[in-house]
Structure formats: C-alpha cells, structure tokens
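The values are calculated or read from the model by the stated rules, or taken from the named source; none is laboratory data. Just so we're clear, the structure is a prediction, and the values are computed from it rather than from any experiment. So basically every Cβ, Gly included, is an ideal-geometry build from the backbone, and we count neighbours across all protein chains shown. Quick note on the areas: whole protein, heavy atoms, side chains included, nothing else; ligands and nucleic acids left out. Shrake-Rupley method; radii C 1.70, N 1.55, O 1.52, S 1.80 Å.
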Amino acid sequence: VQLQASGGGLVQAGGSLSLSCAASGRMFSSYGMGWFRQAPGKEREFVATISANGGRTSYTDSVKGRFAISRDNLKNTVYLQMNSLKPDDTAVYYCAGSTLSNGGIYNNIYDYWGQGTEVTVSS
C-alpha cells in the first residue's frame, strides 16, 4: 500500500485546511487509518484515527472539536478537515494505514506511512 498525502499549506490562525490521503491497493477498506503530525524539534504525535468502516473515530484532546477525520472507501481516500487552526498546529502531517481495522493512537500499530504534507499556521 502506498499513501500520498496532500493539502497542506500556509494559513492564518483561525483558518481552515483540508488534508487528503490517497491510497493505492484494493485493501484500503479494511485498514484502520490515522493522521499524525510532527512539529519542528518534537516527536511525531497522534492526531486522529478512523476505523475501516468509518464508524469509529478518535482524536487527541488538543484537536477535538476543531478537526474531523473521515474516509471514502470508494475513492481510497482519508481526509482530515482542520478548522480554527492555531500556530501550535504547525507541523508536517502524515497519514498512516494499519491492518488493524479499528486503527489506534499508537504509531507502532501502523504498517504504512505517507510522505507527509506541511501545514504552517501563522499568528
């Protein structure tokens, strides 16, 4: 499985961005998917996860109510809608796929990683 993340960019605080992650392969609909981010000088951290059928989602506390993860299994794509962006959201965002259908918050459960897309939020 190959994952291709896109949609990053520069946005002012309070603005919105929508990230996409397109997956190759026929097994996408069975994978739990996640978004992670890594800010300069910091470790990669969990942002959001969604189960294979889209029925279960989970978020890190700092993005609850602002970010929304979704997926379209017909398009082999997972999305991250980011609203009310803050400078602290500045990071490289990575999508990841797991053979565990529920997904999860720990990066070591993910088998596949995209190349990352950069998000910069200016104050």
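Miscellaneous remarks
- Hydrodynamic radius of region 17-67 per Kirkwood, over alpha carbon pairs, in Å: 12.4 Å
- Value of D in µm² per second that Stokes-Einstein yields for region 38-78, Kirkwood Rh from Cα pairs, at 10 °C (1.306 mPa s): 137 µm²/s
- Gain on full stretching of the segment that runs from A39 to N73 - 0.36 nm per residue minus C-alpha separation: 9.3 nm
- Straight-distance crosslink candidates among aspartates and glutamates, where the alpha carbon sits under 17 Å from K64 and sequence neighbours closer than 8 are dropped: E45, D88, D89
- Radius of gyration (Cα atoms) of the chain, expressed as a multiple of 2.2 N^0.38 Å: 0.96.
- Solvent exposure of the chain amounts to 51 Å² per residue of accessible area, where only protein heavy atoms count and the probe is 1.4 Å.
- Sites matching trypsin sites (Lys or Arg not before Pro) across region 1-77 that sit in DSSP coil, with at most 15 neighbouring C-beta atoms within 10 Å: R26, K42, R56, K64, R66, K75
- Rounded to the nearest 20 debye, the dipole magnitude of region 31-114 is 160 debye, with +1 charges on Lys and Arg beta carbons, -1 on Asp and Glu beta carbons, and the Cα centre as origin.
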